[in-house]
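What follows is a short report on a single structure.
The values are calculated or read from the model by the stated rules, or taken from the named source; none is laboratory data. Note that the structure is predicted; figures quoted are calculated from it, not measured. FYI the Cβ positions are ideal-geometry reconstructions off the backbone, even for glycines, and counts take in every protein chain you see. These area figures cover heavy atoms from the full protein model, side chains too; ligands, DNA and RNA do not enter into them. Shrake-Rupley method; radii C 1.70, N 1.55, O 1.52, S 1.80 Å.
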Amino acid sequence: MAIPGTPGIVYTADGLEHSEAGIPSSQARDHGVQLDKRERKLARHDYGRWWADIEGEGDASVITFGSVTGTVREAVLRAAAQGVRVRMIALRLLAPAQPSNSPGRWRA
């Protein structure tokens, strides 16, 4: 990687987005195009019952995402061993939840 300020070297700082060709960009147009692309992917994909991993039973829930899921799973198991009924909801995607595709798996 080029170090900024190195003579004879061109440094390109990654932008917020990238162009359709994959070139880093901070242009508003490229940002809009990529946002639209993500929205289409979210709307068209059928997450089915896999929008989240749901483990455990109980009226209380712990919602988690990403790398802390293992730690939360351990805490839920420890709570269950002490008689505390709690479930873990590990989201697979940080976006508006798509639970309507998973009957019986989601209660508001």
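The set of residues from the range 73-86 being free of Cβ contacts under 8 Å to residues at least 24 places away in the same chain and either open to solvent by 40 Å² or more (accessible area, probe 1.4 Å) or touching a helix residue (DSSP H, G or I) at 6+ places or on another chain (Cβ under 8 Å) (or both) comprises Arg73, Glu74, Ala75, Leu77, Arg78, Ala81, Gln82, Gly83. Could you say whether any residue in the range 31-38 is among the hydrophobic types (A, V, I, L, M, F, W, C), out of contact with any Phe, Trp or Tyr (no Cβ under 8 Å at 6 or more places or on another chain) and under 25 Å from Leu91 (Cβ atoms)? Looking through the range 31-38, at least one residue is among the hydrophobic types (A, V, I, L, M, F, W, C), out of contact with any Phe, Trp or Tyr (no Cβ under 8 Å at 6 or more places or on another chain) and under 25 Å from Leu91 (Cβ atoms).
Return yes when Gly70 is at pLDDT below 90 and either open to solvent by less than 80 Å² (accessible area, probe 1.4 Å) or in contact with a Pro (Cβ under 9 Å, 6 or more places away or on another chain) (or both) and no when it is not. Here the answer is no, as Gly70 does not meet what is asked.
Just one residue in the set Gly32, Gly22, Gly70 is assigned to a loop (DSSP other than H, G, I, E, B) and among the small types (Gly, Ala, Ser); that residue is Gly22. The residue of the range 39-67 that is least open to solvent (accessible area, probe 1.4 Å), among those that are within 15 Å of Ile89 (Cα to Cα) and without any contact (Cβ under 8 Å) to a residue 24 or more places away in the chain, is Gly66.
Scanning the range 73-108 for residues that are closer than 18 Å to His45 by Cβ and among the polar types (S, T, N, Q), we see that the one that is modelled with the lowest pLDDT is Ser102.
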